[in-house]
Each structure stands twice: as structure tokens, then as C-alpha cells.
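Peer 1: Questions regarding the structure given below will be posed in turn.
The values are calculated or read from the model by the stated rules, or taken from the named source; none is laboratory data. These numbers come from a predicted model, not from an experiment. Cβ atoms come from the backbone with ideal geometry, glycine included; neighbour counts cover every protein chain shown.
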Amino acid sequence: MAASDLVALVDVWSSRIKTLVGSFIVDPANPNKPKLNILGVGVVKSDGVRKGVILDMEEFKKNLDESLTEAENMAGQQFPHVGICLSGTGIQIHNNKGMIAIPSNEITQDDVNRVLDMAQNGITLSNQTVLKIIPESFSVDLEHHVKSPVGMSAKKLEVNAHIFTVPTTALNNVRKGFKDVGIDVIDVFPSLLTSPEAVLSRRQKELGVVCVDIGSSCTGLAVYEEGVLRHACIIPVGGEYVTSDIALGVRVSVDIAEKLKTDYVDLTFCDLAKPKDEEIVLSRIDKKETETVSKLYLSQIAQARYKEILSLVNTELKRLGRDGMLPEGAVFVGGGSKARNLIDLAKSELRLPCTIGFPEDQEFVTGTSVSDPGFASAVGALLLSQRAGGFGRARMSLGAGIGGLKDSAKKFFKFLLP
Ligand SMILES: Nc1ncnc2c1ncn2[C@@H]1O[C@H](COP(=O)(O)OP(=O)(O)OP(=O)(O)O)[C@@H](O)[C@H]1O
Ligand SMILES: [Mg+2]
């Protein structure tokens, strides 16, 4: 077994800065299926960032440094560069078409790059940086739904693409934060594209599935069918809304509300369970509190917000004509998916098979446990980086300028293809 160079990924812009360090182990008997061996994990509460905006640069750098150091110490090795994952409502997804003529009659990789550039041209990108361009399908003359057109004979190439962008100022500030703590950022991924890679199988993407990432500030949605990304969007409601609702409803601090949410909320607890309702003594959480709160009341507050999130997910599926219609159903990731009995509630609200996606359940992930579905985006980004040749070799360094990011934006989709 041979181990690759160290790879590191930081999931920033969220409630916690999550760093993962690992290497890929290649079994000579099965060289096409390297295993991600996780060597170090660093998780630090992110106080300087809110909804994808750095509010306090010094705090952000301090938290980032702590998260990197934690992962480095656990791995026992340092890393000079990282890939990063961004989520939040700042990420925009544009859908557009591009078309070009093929002068040589045979489609080359350059032609594919050109048509992806054309797809970008029609959209307004003021103060936005393109992170990734994902073709949904190519058309080669009159042939539609082509996945990989290089080498085909044609006069005309068209693409229907999803273009992921991020506000340039926000991205520059993240890069500056990393530079100041001495780390080079090599590639940037939208979490929306990486979470599914950690938990969805090729077969699920072929048959039809939606990955729902319930984060802190928002919920990301990525729908796959026939092996390609059909639709991606961000719903601006996430776990912190549930916490705020509880804080307001019970009139307690956000910290107490968070504890009540994670320890007592049950998303299927209802009136019928009334005889079993229990009074939660708040002084058990904070000695200064004197009141009690009913578990039913607490659960009803959370249920209302989770139902809203699920109904917004369903609205998106309806727009695609896929509500209640995806054979592989919904796979939930993100910390918000850990709410007790989410799956039962989701099954009844979405009328789909529903499961939680655990990155470590995948046969290709080993090493330090990442049993938390909140790690899906970071694990998925590491897996994608490996398919792209590893951060070390790809050298798509942002430090070298935005050209590297542009290059990565267009090449990336190949690694998503099943
Ligand atoms: N047991 C639990 N029950 C309910 N919610 C939980 C539980 N554990 C964590 N959460 C919630 O999960 C959210 C954090 O999830 P996650 O780490 O995936 O978000 P993030 O990646 O930081 O945010 P984002 O993706 O929006 O930037 C928080 O709102 C937290 O309250
Ligand atoms: Mg997240």
C-alpha cells in the first residue's frame, strides 16, 4: 500500500472552522479506488464569521489558526497549503447556455473550455468570482444529453451549465486571512458540490437523488439524475434559525437554546405523546435559570422550523417536477440533520425515501472517525481533490493569482462525472 502526499481541507464560513488532514492509500490490487485516510481533525467555533461574511478579521484568523494547529497536531505533520470549502447565502448559482462553432470538426478540450467560457458570458458577474462551472449536458450538433464531448465529430457544440460564484471581496478576505496565518489556498470548492461526493454513490446519482445539507445559516440542495447535476440551490434557512426560535420562544440565551435543541428536541414528538411530556428543568443547563420548559413545546417550535425547511426543499423539487419522484430519495448531511427523528419527519413531508449520509460509512474513507454528517463537505472536497490529481500536483494556487482558479473552475466538472 502506498500513501500519497498529505492533503488538507478547511471548511470555512460556517458556525465552526473544520480542518481535515489526510492522505490517500493506494492498494496496488485496486489502484483506481484509493482510500482517504484521515489523519487529523481540527474543529473550532467560528466567531468572526457570519453567513459567509468575515465580521472580525482578527477573530477569524485566531480561530483559523487554532483549527489548523489542532489538525496538524493530531496528524503530527504540517501542511503548507490547503483547499477550502465555502457555503452560505453568498454563493450564487447561475444557469446558462453557451454555444460555439467547431472549426476543425473534432471537439477538443480547448473547445470544451471555450464553450464553458461562453456560458459565463451571458450572466452578470459584477463583483462575483466564478468558483466552478458544472455542465449539465452538452449538445453536439443535433445530439443532446452528451456527457463528455471531447473527440466527437461536430460542427457546433452547446452547453447547458451551472455556474457557481462567490462575492469577490468576501473571497479575497478569506484568502487574506489564510495568507496572514501562513497557508496558501490552492483551490476553492462550494460545499454544495462537495457534500454529495462524500455520501452519494454513483448508482444513486444515476437513478435520481437529492443531497440536502442542513448547515447553520442555510440549507444546500443538489439534485442528481442520470449521473449529472440537475439543480443546485441554497435555501437561506438553517440550524441557527431553529436555535433562535427556541431562544425567543422559551426566552433563554442562544447558548441555552442550542443545548435544548441538541439534547431535548424530538421532531416527531406530538400531542399524542402528551402523557409522556416532560418538564425540562433549565437550571440543569444553566444554574442561573429557575424556570422549566415542556419538551412538547420545545419540540413543536423546532418542528415548525424544520417543516419550513422541508417545505422549501419540496418547493424546489416541485419546480423540477421531481417532488415525491426521486427513486433514491433524499440524503441529509450537515449538523442540522442530527436533529432527533429528522428522517421520520422528512419522509412524511417529502414523500421520499430519506437517510442520513455519514461520510465514514463510505468504503473509501478510513482513519480518524468523521462520523458527523457535518463533515460531509470537507470529506467530499478531499475526495474531489484526489480525483483532480491532488492539491500538490494540480497547483491551482490562488496565491499565484485568479488564473489558477479559472483553470480549476472549468476542469473541475470532469471529476464529478461518474
Ligand atoms: N444534535 C443536533 N440536533 C440539531 N441540530 C444540531 C445538532 N448538532 C448540531 N446541530 C446544528 O447543526 C448546525 C451546524 O451544522 P454544520 O456544522 O453542518 O454547519 P456549518 O457547516 O457550520 O454551516 P453552513 O454550512 O451553514 O455554513 C448548527 O446550527 C447546530 O445547531
Ligand atoms: Mg456546512
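Peer 1: Restricting to the range 162-191, and then to whatever is within 14 Å of residue 129 (Cβ to Cβ) and within 16 Å of ligand 2 (Cβ to nearest atom), can you tell me which residue is surrounded by the most Cβ atoms within 10 Å (Cβ to Cβ)?
Peer 2: The selected residue is 189.
Peer 1: While we're looking at this one, here's another question. Would you pick out the residues in the range 28-63 that are assigned to a helix (DSSP H, G or I) and in contact with a helix residue (DSSP H, G or I) (Cβ under 6 Å, 6 or more places away or on another chain)? Before you say what the answer is, go through the steps one by one.
Peer 2: Initial filter on the range 28-63 (assigned to a helix (DSSP H, G or I)): 57-63.
Once the filter is applied, which keeps residues that are assigned to a helix (DSSP H, G or I) and in contact with a helix residue (DSSP H, G or I) (Cβ under 6 Å, 6 or more places away or on another chain), the range 28-63 yields 60, 61.
Peer 1: I would also like to ask the following. Yes or no: the range 72-85 includes at least one residue that is outside any strand (DSSP E or B), more than 16 Å from ligand 2 (Cβ to nearest atom), acidic (Asp, Glu) and modelled with pLDDT of 90 or more.
Peer 2: To start, the set of residues in the range 72-85 that are outside any strand (DSSP E or B) comprises 72-80.
Now narrow it down to the ones that are more than 16 Å from ligand 2 (Cβ to nearest atom): 72-80.
Retained after the next criterion (residues that are acidic (Asp, Glu)): 72.
Narrowing the set further to residues that are modelled with pLDDT of 90 or more leaves 72.
Yes, because at least one residue in the range 72-85 is outside any strand (DSSP E or B), more than 16 Å from ligand 2 (Cβ to nearest atom), acidic (Asp, Glu) and modelled with pLDDT of 90 or more.
Peer 1: I would also like to ask the following. State whether one or more residues within the range 221-228 are crowded, with 18+ Cβ neighbours inside 10 Å, within 10 Å of ligand 1 (Cβ to nearest atom), touching a residue at least 40 places away in the same chain (Cβ under 8 Å) and of a type outside the set (D, E, K, R). Steps first, please.
Peer 2: The initial filter retains those residues of the range 221-228 that are crowded, with 18+ Cβ neighbours inside 10 Å, namely 221-225, 228.
Now restrict to residues that are within 10 Å of ligand 1 (Cβ to nearest atom): none.
Scanning the range 221-228, I find no residue that is crowded, with 18+ Cβ neighbours inside 10 Å, within 10 Å of ligand 1 (Cβ to nearest atom), touching a residue at least 40 places away in the same chain (Cβ under 8 Å) and of a type outside the set (D, E, K, R), so the answer is no.
Peer 1: Which residues, taken from the range 86-108, are assigned to a loop (DSSP other than H, G, I, E, B), in contact with a helix residue (DSSP H, G or I) (Cβ under 7 Å, 6 or more places away or on another chain) and more than 23 Å from residue 334 (Cα to Cα)?
Peer 2: The one that is assigned to a loop (DSSP other than H, G, I, E, B), in contact with a helix residue (DSSP H, G or I) (Cβ under 7 Å, 6 or more places away or on another chain) and more than 23 Å from residue 334 (Cα to Cα): 102.
Peer 1: Also: Go through (1) within 30 Å of residue 60 (Cα to Cα); (2) buried (at least 20 other Cβ atoms within 10 Å of the Cβ); (3) away from ligand 1 (no atom under 16 Å from the Cβ) one by one and return the number of the condition residue 159 breaks.
Peer 2: (1)
Peer 1: Please go through the range 1-11 and pick out each residue that is at pLDDT 80 or above and either in contact with a helix residue (DSSP H, G or I) (Cβ under 6 Å, 6 or more places away or on another chain) or surrounded by fewer than 17 Cβ atoms within 10 Å (Cβ to Cβ) (or both). Reasoning before the result, please.
Peer 2: Just the residues of the range 1-11 that are at pLDDT 80 or above, to begin with: 6-11.
Result: 7, 9, 11.
Peer 1: State which residue pairs qualify: first residue at pLDDT below 95 and inside the range 325-343, second residue more than 16 Å from ligand 2 (Cβ to nearest atom) in any location, beta carbons under 8 Å apart, and separation of 6 or more residues or different chains.
Peer 2: So the pair list comes out as 325/208; 325/317.
Peer 1: Let me ask you something else. Being of a type outside the set (S, T, N, Q), assigned to a loop (DSSP other than H, G, I, E, B) and within 16 Å of ligand 1 (Cβ to nearest atom) is the filter here, so list the residues in the range 313-363 that pass it. Break it down stepwise before answering.
Peer 2: Step one: of the range 313-363, the residues of a type outside the set (S, T, N, Q) are 313, 316-336, 338-340, 342-347, 349-354, 356-361, 363.
With the extra rule that they be assigned to a loop (DSSP other than H, G, I, E, B), the set shrinks to 320-329, 334, 339, 351-353, 357-358, 363.
Selection gives 334, 339, 357, 358.
Peer 1: Also: Do you know which residues across the range 118-175 are out of contact with any His (no Cβ under 9 Å at 6 or more places or on another chain), assigned to a loop (DSSP other than H, G, I, E, B) and without any contact (Cβ under 8 Å) to a residue 24 or more places away in the chain?
Peer 2: Those that are out of contact with any His (no Cβ under 9 Å at 6 or more places or on another chain), assigned to a loop (DSSP other than H, G, I, E, B) and without any contact (Cβ under 8 Å) to a residue 24 or more places away in the chain: 126, 141, 142.
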